[in-house]
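For reference, the structure is listed below as structure tokens.
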Amino acid sequence: MPQWQDLLHQGNDNFHNKQWKQAEYCYKEAAFYLDSLWSANPKNVELLMAWICAIHNLSSLFEVQDKAELSLQYLKIPHERMLSIYQCNKYCEDTKLIAQNALKITFMPILMFSKRHPVCDTCTQSLAAFQSEIALNQQIIH
């Protein structure tokens, strides 16, 4: 089993046992490790999804500890990174397409978070605008 998978499993075990500091450590280590692996191979969707998962696990960890602001920050990290890649011309079309697809995955947890916790007006407007953009970009199949 790759090291990052082991770290995620340990983090999940610690999370379920309410060992918050140990879970945080494991999730951060997994995220750091995955980030370096994915940066070296940006077309590897498995590594990207695992990195997003590790960051989202950190968000969940902080949310259960009533640290909503920190939780939201961790939700925004992968979303903003995917948006940046998608909008940047230095990446190839394949990488940009991967980022575009990942945006759909990173957006929904932020939207669901905003329904559970109050967010600022600017964030609410950004969420609505992004949701509209997703709707416009989806193909309609008849």
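The values are calculated or read from the model by the stated rules, or taken from the named source; none is laboratory data. Values in this document were obtained by computation on a predicted structure and should not be read as measured data. Because the Cβ atoms are built from the backbone with ideal geometry, glycine has one as well, and the counts that use them run over all protein chains shown.
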Given the criteria at pLDDT 95 or above and surrounded by 13 or more Cβ atoms within 10 Å (Cβ to Cβ), does Y27 qualify? yes
Residues of region 96-107 being at pLDDT below 90 and either surrounded by fewer than 16 Cβ atoms within 10 Å (Cβ to Cβ) or among the basic types (K, R) (or both), which ones? K104
Enumeration of residues in region 80-119 that are part of a loop (DSSP other than H, G, I, E, B) and either hydrophobic (A, V, I, L, M, F, W, C) or closer than 19 Å to L47 by Cβ (or both): C88, Y91, C92, V119
Of the residues in region 35-79, how many are of a type in the set (D, E, K, R), outside any helix (DSSP H, G or I) and closer than 15 Å to T95 by Cβ? 1
Could you tell me whether region 56-67 includes any residue that is charged (D, E, K, R), modelled with pLDDT of 95 or more and buried (at least 16 other Cβ atoms within 10 Å of the Cβ)? yes
Taking only pairs six or more apart or across chains, which ones have beta-carbon atoms under 8 Å, a first residue in region 49-64 that is without any contact (Cβ under 8 Å) to a residue 40 or more places away in the chain, and a second residue that is among the polar types (S, T, N, Q) and part of a helix (DSSP H, G or I)? F62/S71
State the number of residues belonging to region 41-70 that are among the aromatic types (F, W, Y) and under 9 Å from the mean Cα position of the chain (by Cα). 1
Checked region 1-24 for anything more than 14 Å from Q65 (Cβ to Cβ), surrounded by 14 or more Cβ atoms within 10 Å (Cβ to Cβ) and polar (S, T, N, Q); matches are Q10, N12
Could you give me the residue pairs with C-beta distances under 7 Å whose first residue belongs to region 98-120 and is free of Cβ contacts under 8 Å to residues at least 40 places away in the same chain and under 13 Å from I52 (Cα atoms), whose second residue is assigned to a helix (DSSP H, G or I) and of a type outside the set (A, V, I, L, M) wherever it lies, and which are 6+ apart or on separate chains? A99/Y86; L103/H79; L103/Y86; F107/H79; F107/F130; I110/K76; I110/H79
Members of region 77-95 found to be surrounded by fewer than 17 Cβ atoms within 10 Å (Cβ to Cβ) and not hydrophobic (A, V, I, L, M, F, W, C), listed by number: E80, S84, Q87, N89, K90, Y91, E93, D94, T95
